[in-house]
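**Q** Please read through the structure below; I'll follow up with questions.
Just so you know, all these numbers are worked out from the coordinates, no wet-lab data involved. All values derive from a computational prediction rather than experimental measurement. Glycine also receives a Cβ, built like all others from the backbone with ideal geometry; neighbour counts cover every protein chain displayed.
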Amino acid sequence: MNCAEVDDRLHAYINGDLPNAERQVVEGHLERCLDCRAEADLLRSLIADVEALPTRVQPAHDLWPAVEARIERDSMTRPWWKTVLQRASKNGVYRDQRDFAVRLLHPRRRSAWAVRGVLAAAVILLMMAGVWVLTRSSRGAWEVARRTGTPRIGADRMEAIDRLQVGEWVETDDSSRVTIKVGTIGQVDLDPNTRVRLVETRLTEHRLALDRGTLHARIWAPPRLFFVETPSAVAIDLGCAYTLAVDDTGRGLLHVTAGQVELERDGRTSVVPAGALCETRPGIGPGTPFSEQASGTLRRALALFDFEKGGNGALTTVLAEAREHDALTLWSLFSRVDWAARGRVYDRMAMLIPPPEGVTRDGVLRLDRRMLDRWNEHLGL
């Protein structure tokens with residue numbers, strides 16, 4: 001038995017509460033360890049001092065009115081945590097008054113007790129704060145503010161400040177703009193000629209459906225709490241700011257300006273970082289992300305490759321047009337092409353930005369996840 005184990009049993013040992021076998025082990029340790037023996041002597045001294053305290057104090061005959069007034073006053077101002085600790089003492093946190101006094105006075109136990117109390121209080125407060133925030137953000141309706149024009153919620157014209165209920169549509173005409181408060185986790189601005197529906201709002205999910213038009217989202221919640229459904233993909237917030245547009249055919253274009261957004265449809269995914277865009281198409285899902293600086297030729301070739309079966313011809317154009325700022329596109333293509341084409345992508349990317357140490361051509365061709373992640377980190381993506 002080591003010193004820490006003995007220390008945990010020391011109070012019970014001095015009180016005579018240990019089983020015989022444990023008591024013998026503790027005694028053997030105390031014979032060998034000067035520090036623990038000194039600790040035991042200090043604890044015995046404290047207990048003796050506590051036991052020497054008077055058990056009764058005769059109060060003055062007129063003391064009660066002052067005590068009663070003090071109790072009444074304290075009950076109005078006592079912090080809630082003091083009441084909790086008082087109730088804890090009645091429920092076995094300390095066994096009796098002597099136990100309480102020893103734990104309070106003993107230096108080692110006092111510090112451990114204080115740390116435990118502070119940690120417990122911090123956890124409780126964090127839980128209460130989290131529940132409060134999440135509950136406030138999931139009340140079944142979001143506040144909507146009319147900025148210009150005459151937008152509608154359902155068939156009704158919007159008030160200056162209105163409420164959007166789950167299942168309802170908000171629609172802007174060609175001259176109106178709207179701001180939607182996403183509970184307490186963010187804000188969405190709607191451009192003219194935009195139609196969105198509030199699908200869900202609860203503790204773990206806030207979801208809109210964008211039928212057509214353009215929205216601008218700014219979300220400051222943890223990742224994967226805010227979703228926007230479109231006819232061709234779902235945009236999943238990873239802590240970000242972005243613009244999402246959907247045309248009348250259901251095609252979408254995502255432009256991320258801060259953080260990251262994941263686009264997903266039927267298992268096909270694209271993670272789009274700040275400074276990048278990504279197209280989506282109905283029946284197919286998200287394409288390959290590309291940089292804001294990508295050339296028009298590269299963008300057109302990438303659309304042919306992703307959505308129109310452009311094949312090797314489109315890929316050849318993408319590789320020829322790629323520059324250093326197109327590293328995101330090349331890195332994303334590794335998992336979208338076959339083994340033979342993957343070698344071509346690797347060679348072009350290695351020419352523009354040499355791979356970091358530990359990343360090999362063979363490993364990338366095998367889609368070794370650690371190597372791909374290392375290169376991704378090296379690129380700052």
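**Q** Counting pairs of Cα atoms in segment 146-232, how many percent are more than 14 Å apart?
**A** Numbers: 2264 of 3741 pairs.
More than 14 Å apart: 61 percent of the Cα pairs in segment 146-232.
**Q** While we're looking at this one, here's another question. Could you tell me the distance between the Cα centroids of segment 173-241 and segment 284-309, to the nearest Å?
**A** That distance is 24 Å.
**Q** So what is the orientation-averaged projected area of segment 141-287, using the convex hull of its C-alpha atoms, in nm²? Before the final figure, lay out the partial values.
**A** Values: hull surface 31.3 nm².
Mean projected area for segment 141-287: 7.8 nm², to one decimal.
**Q** Quick one, can you get me the convex hull of the C-alpha atoms of segment 258-381 expressed as volume per residue in Å³?
**A** On the way: hull volume 12.5 nm³, N = 124.
Each residue corresponds to 101 Å³ of Cα convex hull volume.
**Q** Sorted from fewest to most neighbouring beta carbons within 10 Å, what does the list I284, I161 look like?
**A** Values: I284 17, I161 9.
Placing the least packed residue first, the sequence is I161, I284.
**Q** Related question: Quick check: pseudo-label points 7 Å beyond the Cα along Cα→Cβ at A160 and T269, how many nm apart are they?
**A** About 4.5 nm separates the two model spin labels.
**Q** Along Cα→Cβ, 7 Å out, is where each label goes; now give me the distance between the ones at E27 and I353 in nm to one decimal.
**A** 7.2
**Q** Using a 10 Å cut-off around each Cβ, can you sort V246, V261, V271 from fewest to most neighbouring Cβ atoms?
**A** Numbers: V246 25, V261 30, V271 20.
In order of increasing Cβ crowding within 10 Å: V271, V246, V261.
**Q** Stretched out fully, how many nm does the piece from K309 to D247 gain, at 0.36 nm a residue minus the Cα gap? Could the numbers behind the result be given before it?
**A** Values: separation 62, 0.36 × 62 = 22.32 nm, distance 2.18 nm.
Difference between extended and current length: 20.1 nm.
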